[in-house]
1. Hey, does region 171-192 have a residue that's at pLDDT below 95, surrounded by 16 or more Cβ atoms within 10 Å (Cβ to Cβ) and not charged (D, E, K, R)?
2. Do we have Lys78 as at pLDDT 95 or above, basic (Lys, Arg), within 22 Å of Leu242 (Cα to Cα) and surrounded by 18 or more Cβ atoms within 10 Å (Cβ to Cβ) here?
3. Considering each residue of region 21-59, count those that are surrounded by 17 or more Cβ atoms within 10 Å (Cβ to Cβ) and under 30 Å from Trp146 (Cα atoms), and give that number.
4. Of the residues Ala162, Ala204, Ala171, which is over 14 Å from the mean Cα position of the chain (by Cα), part of a strand (DSSP E or B) and not charged (D, E, K, R)?
5. Six or more apart or on different chains, Cβ atoms under 7 Å: show the pairs whose first residue is in region 218-244 and among the basic types (Lys, Arg) and whose second is in a strand (DSSP E or B).
6. In region 140-158, how many are over 23 Å from Gly209 (Cα atoms) and not aromatic (Phe, Trp, Tyr)?
7. Determine which single condition Glu181 fails, assuming it passes every other condition in (1) under 23 Å from Thr210 (Cβ atoms); (2) over 20 Å from the mean Cα position of the chain (by Cα); (3) part of a strand (DSSP E or B); (4) not polar (S, T, N, Q).
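The values are calculated or read from the model by the stated rules, or taken from the named source; none is laboratory data. Note that the coordinates shown come from a computational prediction; the quantities given were computed from them, not determined experimentally. In this analysis, Cβ positions are derived from the backbone assuming ideal geometry, glycine residues included, and neighbour counts consider all displayed protein chains.
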Amino acid sequence: MKLCCAAVSIACLLATDFTRAGPPFVTDDPEPPPPGSWEINVPFILERTPGTTDMDAPLFDFNYGLPDIQLKLEVPVKIVHEDTNGTVAGADDLLLGVKWRFFNSEKSQLQLGVYPQVLAPTGNHARGLGEGGAAFVLPFLAQKNWEKWTVYGNIGYWWRGANEARNYFYAGAVLEREISEQLELGVELFGNSPKERDGRSELAFNVGGTWKLSKHLNLLFSGGRDIVGETHAMAYVGLQLLTK
């Protein structure tokens, strides 16, 4: 009986490790890293809009786990190329956040959380880097697991301090499936209300996944574009380091 319980516990832990969600998708999930461990994502992210190519090359995304808590710091290196004005590169705005998973039911495999984050205007906005003002976001997160499937989503609101910017709502949802012990694939649908004063609402999709290279290293990848909006292409390719 003890051996059976131990085997079930190990299987549950392995399933939880593999179904850790979030990157490479835009939509956040409520699951933090295991207590005392790091999740470090280093992706290259590209977004193409009319006349502009915007890249994080790379983004350093540091996450540390505490019991039901995740501490986050994002440090982006930005490259912006405008077809008419050339290219600028440098440090972009920092993002700091604290995720709190306030509900986690092993029986129903349902998780709920909140994820307040602050954008610090450290980029040189005069050169086209950063928003030019502080910003704050408060999303509500939910996730449900069953068998080899995971669905998670969020809905939130951005308060933005830059003069030309506009506060906006956003939402997203991801459906993922474990294909094998090494591969997990997913699809994402996400959108937002207008971000700029003369802008319009956007709706986009992504397809992507996670390829498990080793116990502590994953390859993350996704790609998509706007269904409604001006983003012609977006792509995410990076490595994820897990210390547990």
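1. No: zero hits.
2. On the way: at pLDDT 95 or above: yes; basic (Lys, Arg): yes; within 22 Å of Leu242 (Cα to Cα): no; surrounded by 18 or more Cβ atoms within 10 Å (Cβ to Cβ): yes.
For Lys78, the condition - at pLDDT 95 or above, basic (Lys, Arg), within 22 Å of Leu242 (Cα to Cα) and surrounded by 18 or more Cβ atoms within 10 Å (Cβ to Cβ) - is not met.
3. The number of residues fulfilling the criteria is 17.
4. Details: Ala162 fails: part of a strand (DSSP E or B); Ala171 fails: over 14 Å from the mean Cα position of the chain (by Cα).
On inspection, the qualifying residue turns out to be Ala204.
5. Pairs that qualify, where the first residue is among the basic types (Lys, Arg) and the partner is in a strand (DSSP E or B), are Arg225/Ala204; Arg225/Ala233; Arg225/Met234.
6. Residues flagged as over 23 Å from Gly209 (Cα atoms) and not aromatic (Phe, Trp, Tyr) within region 140-158 amount to 1.
7. Here Glu181 meets the rest and fails (3).
Table: residues versus (1) touching a residue at least 40 places away in the same chain (Cβ under 8 Å); (2) among the charged types (D, E, K, R).
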residue	(1), (2)
Glu74	no, yes
Val80	yes, no
Ser105	no, no
Gln109	no, no
Phe140	no, no
Lys144	no, yes
Lys148	no, yes
Tyr157	no, no
